[in-house]
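The values are calculated or read from the model by the stated rules, or taken from the named source; none is laboratory data. Please read all numbers here as calculations on a predicted model, not as lab measurements. Note that we place each Cβ from the backbone using ideal geometry, even for glycine, and neighbour counts take in every protein chain shown. Quick note on the areas: whole protein, heavy atoms, side chains included, nothing else; ligands and nucleic acids left out. Shrake-Rupley method; radii C 1.70, N 1.55, O 1.52, S 1.80 Å.
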Amino acid sequence: MRTGVSLAVVVLSALVAVGILSIAAAALSTEEAKQEFQAKCASCHNGAMAPDFEGTVAAIKEWASKYASLDEAVAAEAPNFKMFNNAKTWDQLMSMMPGMTPELKAYFESVFNEAKGASSGQAAEKPAEEAQTTTTVAATTTTTTSKPAQPLPAQPPVKPKPTVTYQKLPEVPIPNPSKEAGPLVQTGLPVGLAFYLAAVGLLVIAMAVAKRR
């Protein structure tokens, strides 16, 4: 019984090892993946209808910085695709593409995982950099505060500005000849007319007396 169990464990281990070796042997380099992509996918992924090889790799790296998994990325980004906008998962999207091969699929998954690991490493480095910056600022502050205060240079006395007093002159009425001549004209016209009529009357009387003589 034990011999059968041991034999089964050995066979299972061998199958797992062969599977791992097969996957490692089937992994494509970037140049190989590009050649296979151009041979089988370039009819649509030509940079116009869909991103070319470099554009596809850049998009997957961008997904790695925004989403936790490829399934989450496809669910969020698929509605924006010109084609295959009904895809819900990564496997479903890959199965819809006629030129996709298992090797290309595995290559793009490795691109996502590597970019995901790089972004996680950068996020882990940030606290250490911030701590180092804080320590440097603290040391700089300590060094700055230990310097003795320097006396300020003497300032020249400020001369007060002279006070200027303004005196308001009395207002003088401005003569208005036309306005002052109005009452004179109104009074002088009747008086002149009366003198004129009196002179005419005297002249008539004088002429009458001269005729009688």
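Only one residue in Phe112, Phe84 is on the phi > 0 side of the Ramachandran plot, of a type in the set (Phe, Trp, Tyr) and free of Cβ contacts under 8 Å to residues at least 60 places away in the same chain, so which one is that?
Phe84
Name, by its number, the condition in (1) at pLDDT 90 or above; (2) in contact with a Phe, Trp or Tyr (Cβ under 9 Å, 6 or more places away or on another chain) that does not hold for Glu31.
Answer for Glu31: the failing condition is (2).
Restricting attention to region 25-77, which residues are open to solvent by less than 40 Å² (accessible area, probe 1.4 Å) and of a type in the set (Val, Ile, Thr)?
Once the filter is applied, which keeps residues that are open to solvent by less than 40 Å² (accessible area, probe 1.4 Å) and of a type in the set (Val, Ile, Thr), region 25-77 yields Thr56, Val57, Ile60, Val74.
For region 56-106, which positions are of a type in the set (Lys, Arg) and assigned to a loop (DSSP other than H, G, I, E, B)?
Filtering region 56-106 down to residues of a type in the set (Lys, Arg) leaves 61, 66, 82, 88, 105.
Once the filter is applied, which keeps residues that are of a type in the set (Lys, Arg) and assigned to a loop (DSSP other than H, G, I, E, B), region 56-106 yields Lys82, Lys88.
Suppose we keep only residues that are open to solvent by 30 Å² or more (accessible area, probe 1.4 Å), under 37 Å from the mean Cα position of the chain (by Cα) and not aromatic (Phe, Trp, Tyr) within region 78-107. Which one would you say is nearest to Ala48 (Cα to Cα)?
Lys82
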